[in-house]
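Notes follow once the structure below has been shown.
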Amino acid sequence: MRPLAAIVALAGLAGVSAALLSSGDLLTSHKDPAAIETVPVEPEAVAQPAPARVPLLPVPSRVRPVAPDVVAAPLVEQEGLERIDPREALGIGRAQVPSEGPPAETMLHRPVATAAGAFEARGYHVALSGIEVTGADETCGSDGASWPCGVHARTAFRNWLRGRALSCVVPPVAPQETVVTQCKLGGHDAAAWLVAQGWVRAVADGPYAEMEAEAREKGRGLFGAAPSSAAPPPLTVTLPETSGG
């Protein structure tokens, strides 16, 4: 048993010696400067000194003009200020109401004559200016003989219109009351045509007074005899076209 124990002890000593030699080599290799790896240090990693604080200058209570000799600063007195009401919001302005617009020349299509010198179209009730409208119930004649000249006058006006559009100066929106204005059919003055045919009377001292005098002299329309089926049709006077009102 003793020789075996001696062998085991020698083996253990040999193992310890080998371990010490290997650890010595490891320590020697770490101490070699060439074997040590150098790690570069970034500039940002170096602590920088804190910047010095600059004291803030006080802000002046009043603004000094840059060029007082050129541009003078306005003098504002607090006591002279006055608070006013805020202005209205900006926009395109108030919308214009069509009925508030001025009268303008308008085409009135499909007129219906209600009397000689009056008609209705597009909701308008129009009476021609410068004349006296001949009512449909008016009668004419003398010496006990009368005839419904008002109906004949209205029929003559309807036949002349034949549903053609009249150009009249009327408001933008048809009012409830009758509009007294001048109207034209093509280039012909409607009131002048009626006066020349004798179917209406002109206003005294109006623009058609001379035409009425001529119609009376010639016995036309209201100033003539009662029409009959055997009599020839009444004379129709063609007026020249007019360019102005």
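Summary table below
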item: Mean Cβ count within 10 Å, highest first, over the residues of peptides 184-190, 110-116; result: 110-116, 184-190
item: Ala104/Ala204 FRET efficiency (R0 41 Å; Cβ-Cβ; nearest 0.05); result: 0.90
item: Spin-label model distance (nm) - Thr139 vs His125, 7 Å beyond Cα toward Cβ; result: 2.6 nm
item: Theoretical gain in end-to-end length, Arg87 to Val169 [0.36 nm per residue, Cα-Cα removed]; result: 25.6 nm
item: Inter-probe distance in nm under a simple model that places probes 7 Å from Cα toward Cβ, at Lys218 and Val112; result: 3.2 nm
item: Placed amide H near Thr106: partners under 5 Å, 5+ positions off or other chain; result: Cys168, Val169, Val170
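Quick note: the coordinates plus some simple rules give every number you see, no bench work behind them. The shown structure was predicted, so the numbers you read here are calculated from the model rather than taken from an experiment. Quick reminder, even Gly has a Cβ in these numbers, built from the backbone with ideal geometry, and neighbours come from all protein chains shown.
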